[in-house]
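Here is the structure we will look at, set down as structure tokens.
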Amino acid sequence: MDGIHIHGNSRYGHVADLKGMTHDDMLALNADDGIVGEMSRGPIEDITVDGLFAEDGYTAVRLLSAGSPIRRVSIRNVYGTYRYNVASFSDYGLHPGEPSIFQDITLRDIRCAKSRRGLESNPPAGPVWEGFAPIRMWGRAIVRTMTIEGYSRVEERQACDDIHIGSEVTVDGLVLRDCHVVNRTPGPIVFMNNRGAIHCLTLDGVSQRAEGQPARGVLVQNSGTIDGVRAAGLAGDNLTMLTEGM
């Protein structure tokens, strides 16, 4: 039910122009994986992904590190609607105690929204599960450097977070640049919800606009720690810019 899996010890790869609807990940970069994947544990490095499209897709790209690093990955031109994530970063509970490292990751030119299928288990009026965030970092992920640039979401179905960082996640450097959200749902959308630890956060040209509803959005919701913030060009309608512990 998946699309394409790339396992560990993979380098200098280019994946382009995947289209369709899977019932799991369209593309999985698994440095460490269970069962058969244990035979090929190792780093994944220097990979470019260019062009993914799905309507009512599951997840566009998942990246799994549970002992072996994933480094220098560029993902760009991802379009469509997804039940779960555009990109997911985690150790997936494999190999407890081993590091889950993502380094020099770039997400660029994302045009996304939530799929109608995701509403079957999570109607718009109910509390929204963190796992529905288009970009999700969870488990014990250690993100050395990540840039998200040219992210655009026009959302009519589900008021989930755009970027969710779980409580066990550590991010050394995160750059969010030219990211724009239009909220047409009845509920507020949090652009970035941080429950983990971010050492340096850069926000440059980030905006959120509510259309047709008085929903109050939040640009950055922080119940974890953020050591340093550099911000420029922030804008929004009826928007709380930064909350808690900044």
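Can you tell me which condition ASP24 does not meet? The list is (1) under 21 Å from CYS160 (Cα atoms); (2) at pLDDT 95 or above, and all the others hold.
Result: ASP24 passes all but (2).
Tell me, which residue of region 22-37 that is of a type in the set (Val, Ile, Thr) and farther than 21 Å from GLU55 by Cα is surrounded by the fewest Cβ atoms within 10 Å (Cβ to Cβ)?
Checking each candidate, the answer is ILE35.
Pairs under 6 Å by beta carbon, first residue within 18 Å of HIS14 (Cβ to Cβ) in region 27-45, partner charged (D, E, K, R) and at pLDDT 95 or above, six or more apart or different chains?
So the pair list comes out as ALA28/ARG62; GLU45/ARG11; GLU45/ARG71; GLU45/ARG72.
Among residues belonging to region 89-117 that are within 23 Å of ARG157 (Cα to Cα), crowded, with 22+ Cβ neighbours inside 10 Å and not hydrophobic (A, V, I, L, M, F, W, C), point out the one that is modelled with the highest pLDDT.
Residue satisfying both the conditions and the ranking: LYS114.
Does GLN158 satisfy being under 21 Å from ALA87 (Cβ atoms), outside any strand (DSSP E or B) and at pLDDT below 95?
In short, yes.
Being acidic (Asp, Glu) and touching a Leu at 6+ places or on another chain (Cβ under 8 Å) is the filter here; which residues of region 20-65 pass it? Can you show your working first?
Here is the first cut: in region 20-65, the ones acidic (Asp, Glu) are 24-25, 32-33, 38, 45-46, 50, 55-56.
Within region 20-65, ASP32, ASP33 meet the criteria.
Given the structure, is GLY173 at pLDDT below 95 and not aromatic (Phe, Trp, Tyr)?
Here the answer is no, as GLY173 does not meet what is asked.
The values are calculated or read from the model by the stated rules, or taken from the named source; none is laboratory data. Just so we're clear, the structure is a prediction, and the values are computed from it rather than from any experiment. We place every Cβ from the backbone using ideal geometry, glycine too, and count neighbours over all the protein chains shown.
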